[in-house]
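The next block holds one structure in the form of structure tokens; read it before the comments.
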Amino acid sequence: MQNSPSHTNAPYTLLPEDPSPARPPASSRRPVKVFAATAASVVFLTSLVMLIVNQSPETPTESDHPPRSDPLTSRATTSFSRDAGRLPTGVSQGVSAKSYPSVRDRLSYNWTNAMFAWQRTAFHFQPEKNWMNDPDGPLYYMGWYHLFYQYNPDSAVWGNITWGHAVSKDLIHWLYLPLAMVPDRWFDAGGVWTGSATLLPDGRIVILYTGDTDESIQVQNLAYPANLSDPLLIEWVKYPDNPVIVPPAGINPEEFRDPTTAWMGPDGTWRILVGSKVDGSGIALIYQTSNFTAFEAQPGLLHAVNGTGMWECVDFYPVSTNSSNGLETSVVGPGVKHVLKASLDDLKKDYYAIGTYDPVSDTWTPDDPEADVGMGLQVDYGRYYASKTFFDQNTGRRILWGWINETDTDYDDLAKGWASVQTIPRVVTFDNKTGSNILEWPVEEVESLRLNSTEFDDILVEAGSAVLLDIGMATQLDISVEFEIEGSDALEALEEPEAIIECATAQNRTTLGPFGLLVLADKSLSELTPIYFHIAKSTNGSLTTLFCADETRSSKALEVFKKVYGGPVAVLDDEKFTMRLLVDHSIIESFAQGGRTVITSRIYPTEAIYGAAKLFLFNNATGVNVTASLEIWQMNSAFIRPFPLEEM
Amino acid sequence: MKALVCFLLLLLLLLATLPSPTRSFEFPAREMADLIDQTCRLTPFYDLCISSLRSDPGSGAADVRGLARIMAGSVLASASRTLDRIQELLGQAPDPETERPLAYCAELYIPVVKYTLPQAIEALGKGQLGFAVYGLSDAGKEAQACEKNFSGLSWSPVTDVNEQVRDLVDVALAIIKILQRSF
């Protein structure tokens with residue numbers, strides 16, 4: 001629908017107080033009756049022709065047409081033995097837990113092939129099959145963006161970790177390349193773990209990565225391209241005298257990993273950080289080098305924060321406070337602040353803080369010590385971890401990658417044959433309206449996937465109601481919406497104060513909300529995922545806006561881990577409430593107020609899939625109406641596939 | 001009903017046994033001098049193809065692979081000229097309405113000229129047809145994106161050069177298709 005005039009043609013429906021009772025699955029569609037014998041024989045004969053001329057089987061379509069046959073008759077099958085009481089994968093090898101097996105494995109939903117196939121994303125990066133985790137060494141070189149990633153070529157659970165490799169010209173259309181590195185040396189026999197790339201001024205590329213040795217010690221290794229004139233950087237060489245850094249005295253050899261991109265100090269030598277932990281404090285150790293083969297441990301730490309536990313995937317980078325340009329990693333000076341970020345092993349969350357870096361003393365101080373790393377802002381309040389940025393020298397942007405794990409079980413992942421997705425890369429800038437956080441926004445190249453759009457202007461959503469948005473398919477969308485509350489001033493006084501300001505389920509009704517969108521919802525709202533604003537009043541009278549994603553009713557599958565995610569978002573006086581959502585099958589990325597607060601969600605509906613998935617506006621407030629204006633684009637597939645490398 | 005089904009079945013079996021519509025090429029030695037002509041006939045822009053190829057001194061002795069490389073070189077030359085023109089226009093300090101899309105075009109063309117097309121040409125030399133097709137198609141897409149960005153204007157100051165890049169890309173892709181079909 002091209003810019004159709006604003007209207008909705010669905011009746012208003014009241015939100016159910018409780019989730020609707022589980023309904024029996026939809027009965028199979030009757031075969032379409034045909035009244036001409038000729039038509040029936042043509043259908044029969046066409047399928048015969050397809051057999052005769054031997055067409056290759058169709059890959060699962062990305063266009064989401066509902067399956068003609070009853071989806072419940074073709075069941076997914078798997079054979080593997082479950083043993084109760086296993087550790088989450090990864091923990092026994094000394095990295096953070098990569099999955100959440102539960103005793104509820106036995107209660108795994110009876111997934112069908114159609115349901116599993118639907119979960120594959122259309123335009124997010126994921127390998128064709130098997131397990132992926134942390135993004136590694138992102139860089140731009142000779143016209144190509146490179147993404148490496150933790151990858152298990154053998155299974156859909158963590159293990160046998162290699163570096164997968166993919167390239168793209170636009171950060172969206174990815175092409176798979178052969179594995180860049182496999183665990184074939186003693187210094188990475190336990191796994192080629194996470195690492196970062198540094199582009200040197202003379203054009204060389206160096207990669208530092210953590211190797212898990214054959215004795216389970218975490219060391220830092222050097223690798224570099226075999227051939228710098230190969231723009232695809234297919235072959236990589238591991239420095240023969242690896243490791244270049246071993247765990248120092250006083251550091252647990254299983255808590256020493258994930259080297260950062262290097263930055264140049266005032267003395268012309270390079271510095272990197274490696275995350276670790278001492279007495280329960282997360283720390284960032286500094287190493288100095290001039291040649292990337294000999295490193296010297298610095299006596300001090302860049303920073304440490306009590307009680308935050310092991311810091312994985314440390315990231316450290318400058319942001320400009322007076323422009324929206326990205327900065328190369330070595331930049332310091334006026335108008336520059338530095339972001340320090342850590343993935344907290346204990347909480348499985350990515351935290352960051354903005355502060356000031358002193359290149360002479362090699363220390364970093366947060367602007368707000370009460371919101372230090374691990375205590376304040378999260379990079380993403382959803383299912384999100386191991387994020388890493390790089391400076392894109394092609395377009396002058398600082399770009400952020402983040403790993404999105406599954407929230408279903410190991411058992412489900414093995415059955416469907418894959419696990420994990422990367423976010424759409426995000427541009428990171430300093431928010432100089434608030435001065436206290438970063439903004440993250442999907443790279444504009446994602447807009448090249450936009451197909452047709454539908455606009456809705458000033459839709460009234462009354463208190464306690466939902467409005468179905470008639471947009472056709474609702475599984476691959478780019479949604480921009482802004483909300484205005486009608487008549488909120490007088491009602492502020494009526495708002496009940498809340499002792500704890502945090503996201504609760506969307507059924508928790510207050511005077512001023514929650515209001516937002518219901519995504520991947522079926523018509524009867526038996527499955528739904530509310531993404532919304534909740535305005536909370538604290539006991540001292542001030543109002544805080546929370547941005548939340550409620551997964552508790554997203555799926556009827558019992559074994560899926562479902563909770564409410566979210567965090568606070570600043571809404572300034574002259575701003576409306578705005579959201580942007582990227583909906584792509586089992587992943588939703590939600591951005592509030594231009595990217596001040598972001599939530600990534602994994603959703604596995606059993607009913608709200610294919611044509612049954614709908615999009616609603618909702619307003620669960622008791623005391624106010626809300627008006628919403630939206631622009632919604634259907635999104636094309638990115639057709640992520642192997643690189644056409646064939647030779648004659 | 002039964003007879004109808006049988007008839008349609010037989011018809012279909014008959015159709016299925018017909019040879020599939022592929023073309024095979026043979027260039028008899030005595031017609032080698034017309035290779036350029038025969039090749040260009042299989043491209044969507046015959047005249048453009050002829051003039052581009054014949055203007056290269058090496059084209060007379062080239063085989064189809066050589067012609068593909070020459071054509072890819074023409075695409076690069078055209079894209080470079082486009083980029084020069086864009087930068088020239090930017091240097092004339094145009095009004096903001098034109099400057100923004102021009103700057104955007106420059107950003108699109110720079111990696112095309114610097115990396116994408118040289119890599120496609122090199123790939124052709126190595127026989128990596130898939131890589132070459134990807135790069136040439138990308139160049140065409142960037143030219144199109146550049147043009148599209150002048151929304152609201154029925155023409156842009158670079159319409160003619162953008163169009164030439166795209167046409168040359170289409171010709172180059174058609175020539176590569178010949179190579180792909182002959183293996």
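For the reader, a short list of remarks on this structure follows.
- Criterion violated by A:Ala189 - all others in (1) under 14 Å from A:Thr162 (Cβ atoms); (2) touching an Asp or Glu at 6+ places or on another chain (Cβ under 9 Å); (3) crowded, with 18+ Cβ neighbours inside 10 Å satisfied: (3)
- Some residue of the range A:329-340 being among the hydroxyl-bearing types (Ser, Thr, Tyr) and closer than 30 Å to A:Asp241 by Cα: yes
- Matching option when the condition is modelled with pLDDT under 95, out of contact with any Gly (no Cβ under 6 Å at 6 or more places or on another chain) and under 22 Å from B:Ala143 (Cβ atoms), among B:Ser74, B:Ser80, B:Ser59, B:Ser55: B:Ser55
- Every pair of residues 6+ apart whose Cβ atoms lie under 9 Å, when the first sits in the range A:143-156 and is within 14 Å of chain B (Cβ to nearest Cβ) while the second is in a loop (DSSP other than H, G, I, E, B) and among the β-branched types (Val, Ile, Thr): none
- Identity of the residue in the range B:56-94, of a type in the set (Ser, Thr, Tyr) and closer than 24 Å to B:Lys126 by Cα, that ends up nearest to the chain's Cα centre (by Cα): B:Ser74
Each row is one residue, and each column tells you yes or no for (1) aromatic (Phe, Trp, Tyr); (2) within 24 Å of A:Lys563 (Cβ to Cβ).
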{"site": "A:Arg383", "(1), (2)": "no, yes"}
{"site": "A:Ile404", "(1), (2)": "no, yes"}
{"site": "A:Thr409", "(1), (2)": "no, yes"}
{"site": "A:Ser420", "(1), (2)": "no, yes"}
{"site": "A:Pro425", "(1), (2)": "no, no"}
{"site": "A:Phe430", "(1), (2)": "yes, no"}
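Okay, residues lined up against (1) surrounded by fewer than 22 Cβ atoms within 10 Å (Cβ to Cβ); (2) on the phi > 0 side of the Ramachandran plot; (3) part of a strand (DSSP E or B); (4) not polar (S, T, N, Q):
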site	(1), (2), (3), (4)
A:Ala114	yes, no, no, yes
A:Ala117	yes, no, no, yes
A:Phe125	no, no, no, yes
A:Pro135	no, no, yes, yes
A:Pro138	no, no, yes, yes
A:Tyr151	no, no, yes, yes
A:Gly159	yes, yes, no, yes
A:Leu179	yes, no, yes, yes
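- Looking only at the range B:78-116, and only at residues there that are surrounded by 15 or more Cβ atoms within 10 Å (Cβ to Cβ) and of a type in the set (Lys, Arg), the one that is farthest from B:Ser51 (Cα to Cα): B:Lys114
- Extreme residue, surrounded by the most Cβ atoms within 10 Å (Cβ to Cβ), among residues of the range A:271-300 that are touching a residue at least 40 places away in the same chain (Cβ under 8 Å) and among the aliphatic types (A, V, I, L, M): A:Leu273
- For A:Pro259, the criteria (1) out of contact with any Asp or Glu (no Cβ under 8 Å at 6 or more places or on another chain); (2) surrounded by fewer than 19 Cβ atoms within 10 Å (Cβ to Cβ); (3) farther than 17 Å from A:Tyr140 by Cα hold in every case but one, which is (2).
- Qualifying residues in the range B:152-182 (those that are of a type in the set (Ser, Thr, Tyr) and under 21 Å from B:Arg85 (Cβ atoms)) - the one surrounded by the fewest Cβ atoms within 10 Å (Cβ to Cβ): B:Ser154
- Subset of the range B:154-183 (residues that are assigned to a loop (DSSP other than H, G, I, E, B) and away from chain A (no Cβ under 14 Å)): B:Ser154, B:Trp155, B:Ser156, B:Pro157, B:Val158
- Subset of the range A:127-136 (residues that are under 17 Å from the mean Cα position of the chain (by Cα) and not polar (S, T, N, Q)): A:Pro127, A:Trp131, A:Met132, A:Asp134, A:Pro135, A:Asp136
- Boolean, B:Arg69 is more than 12 Å from chain A (Cβ to nearest Cβ), surrounded by fewer than 18 Cβ atoms within 10 Å (Cβ to Cβ) and assigned to a helix (DSSP H, G or I): no
- Scanning the range A:548-562 for residues that are in contact (Cβ under 8 Å) with a residue 40 or more places away in the chain, under 22 Å from A:Met375 (Cα atoms), crowded, with 24+ Cβ neighbours inside 10 Å and touching a strand residue (DSSP E or B) at 6+ places or on another chain (Cβ under 8 Å) turns up at least one hit.
- Number of residues in the range A:524-561 that are charged (D, E, K, R) and either closer than 18 Å to A:Gln378 by Cα or in contact with a Gly (Cβ under 6 Å, 6 or more places away or on another chain) (or both) equals 1.
- So A:Pro183, is it of a type outside the set (A, V, I, L, M, F, W, C), under 23 Å from A:Tyr384 (Cβ atoms) and surrounded by fewer than 24 Cβ atoms within 10 Å (Cβ to Cβ): no
- Test: residue in the range A:297-312 that is under 20 Å from A:Trp186 (Cα atoms) and at pLDDT 95 or above: no
- Qualifying residue in the range B:120-141 (condition: without any contact (Cβ under 8 Å) to a residue 60 or more places away in the chain, farther than 18 Å from B:Cys49 by Cβ, touching a strand residue (DSSP E or B) at 6+ places or on another chain (Cβ under 9 Å) and of a type outside the set (S, T, N, Q)): yes
- Flag if B:Ala62 is farther than 25 Å from A:Trp144 by Cβ and touching a residue at least 24 places away in the same chain (Cβ under 8 Å): yes
- The set of residues in the range A:435-456 that are in a loop (DSSP other than H, G, I, E, B) and surrounded by fewer than 18 Cβ atoms within 10 Å (Cβ to Cβ) comprises A:Gly435, A:Ser436.
The values are calculated or read from the model by the stated rules, or taken from the named source; none is laboratory data. What you see is a predicted model; the values in this text were computed from it and never measured. Methodologically, a virtual Cβ is constructed for each residue, glycine included, from the backbone with ideal geometry; neighbour enumeration extends over all protein chains shown.
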